[in-house]
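The structure appears below as structure tokens.
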Amino acid sequence: MENKKQLLVTASPHLRSSNTVRRDMLDVIIALIPAGIVGVYQFGYRAAILIAVSILACVLSELIFEKITKRKVTIGDLSAVVTGILLAYNVPFTLPVWQMAIGGVFAIVIAKMFFGGLGQNIVNPALAARAFLMASWSESMTSFIPPARKGALATVGDVSMLTGATPLSDPNSFSLMDLFLGNIPGVIGEVSALAILIGACYLLVRKVIHIRIPLTYILTTVIFLAIFNKGVASLPKDILSGGLLLGAFFMATDYTTTPITIKGQYIFAIGAGLLTAVIRAFGGYPEGVSYSILLMNLVVPIIENYTRPKTFGKAKKEK
């Protein structure tokens, strides 16, 4: 019997790309390096320890979970590494190591693997873990110390440390140059706007992310902050302070937890920006980036349902 090749017919679109999950995750890791370097330089060796612990906790959690449940091991795609880095970048360098490890386990097991793994989680795992740590150990998560090289060393337990004001809680205490370079107290990965923007430019050049979500998110936030605060004088510091830039470029652009439609991405970014401005202007906590993105993650299915393009050639229902 003569062998004949079968024609495989599948639904459009028929697109091919050389991109892989591992390649994109590697690009994100490279883009995050500048912020990590600044964080370690400003806060000392303990920042590096927390980053390493977070990565290790995330990778081991994914590996052990997949071994126990007899699933395919996926740590090679580097997504757990990215989650570990982002989680560490969202905590102060004074956070106890054991709390950092628990946060990593929560990010992978609860926020990611319980929903089916990469591509099926409904919220950003790093932000979910940050919210968990904030709810569980709020004192540890809000202990912000000035950079070690500026006087208060980061050796927890060995040195009497003075908790300092953050740019969001006391914007007049810091200059724009301090905010831009990172000479401020805060969490490990968000203090230097310059380092974050360098990484963001890399991702944009590599076409790992598109500018529409970050730009819309940032513009929406500053517009509503100007309305709520009745002025524009503080807007440059609002942009450079807190986690706005880190969240806009590295977490609001997560493929899994943001809409796939262009209209949906604009709606997502506008919603996140509005929520961030509301929390910053009226909330009891000066930062609102993490919670705004998490809340918008939850409504992504609704956004996609109403922004899904119409099927070409679909017949109209008869009356």
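Could you list, in sequence order, all residues of region 229-266 that are over 18 Å from the mean Cα position of the chain (by Cα) and either at pLDDT 90 or above or closer than 18 Å to Thr83 by Cα (or both)? Across region 229-266, the qualifying residues are Thr261, Ile262, Lys263, Gly264. Residues considered: Thr216, Thr276. Of these, the only one that is surrounded by 23 or more Cβ atoms within 10 Å (Cβ to Cβ) and either assigned to a helix (DSSP H, G or I) or under 18 Å from the mean Cα position of the chain (by Cα) (or both) is Thr276.
Take Leu294 and decide whether it is on the phi < 0 side of the Ramachandran plot, surrounded by fewer than 17 Cβ atoms within 10 Å (Cβ to Cβ) and either within 21 Å of the chain's Cα centre (by Cα) or modelled with pLDDT under 95 (or both). So Leu294 does not fit the description; no. Just give me the residues in region 237-268 being in a helix (DSSP H, G or I) and more than 23 Å from Pro92 (Cα to Cα), in sequence order. Ile262, Lys263, Gly264, Gln265, Tyr266, Ile267, Phe268, listed by residue number. Among residues of region 31-46 that are on the phi > 0 side of the Ramachandran plot, none has a beta-carbon under 6 Å from a residue that is among the β-branched types (Val, Ile, Thr) and modelled with pLDDT under 95 at least six positions away or on a different chain.
What about Gly186, is it in a helix (DSSP H, G or I), of a type in the set (Gly, Ala, Ser) and under 25 Å from Ala52 (Cβ atoms)?
On the way: in a helix (DSSP H, G or I): no; of a type in the set (Gly, Ala, Ser): yes; under 25 Å from Ala52 (Cβ atoms): yes.
In short, no.
Of everything in region 201-213 that's of a type outside the set (D, E, K, R), touching a residue at least 40 places away in the same chain (Cβ under 8 Å) and assigned to a helix (DSSP H, G or I), which residue is farthest from Phe249 (Cα to Cα)? The residue in question is Tyr202.
The values are calculated or read from the model by the stated rules, or taken from the named source; none is laboratory data. What you are looking at is a predicted structure, and each value in this text was computed from that prediction instead of being measured. Don't worry about glycine lacking a Cβ; one is built from the backbone with ideal geometry, like all the others, and counts go over all protein chains shown.
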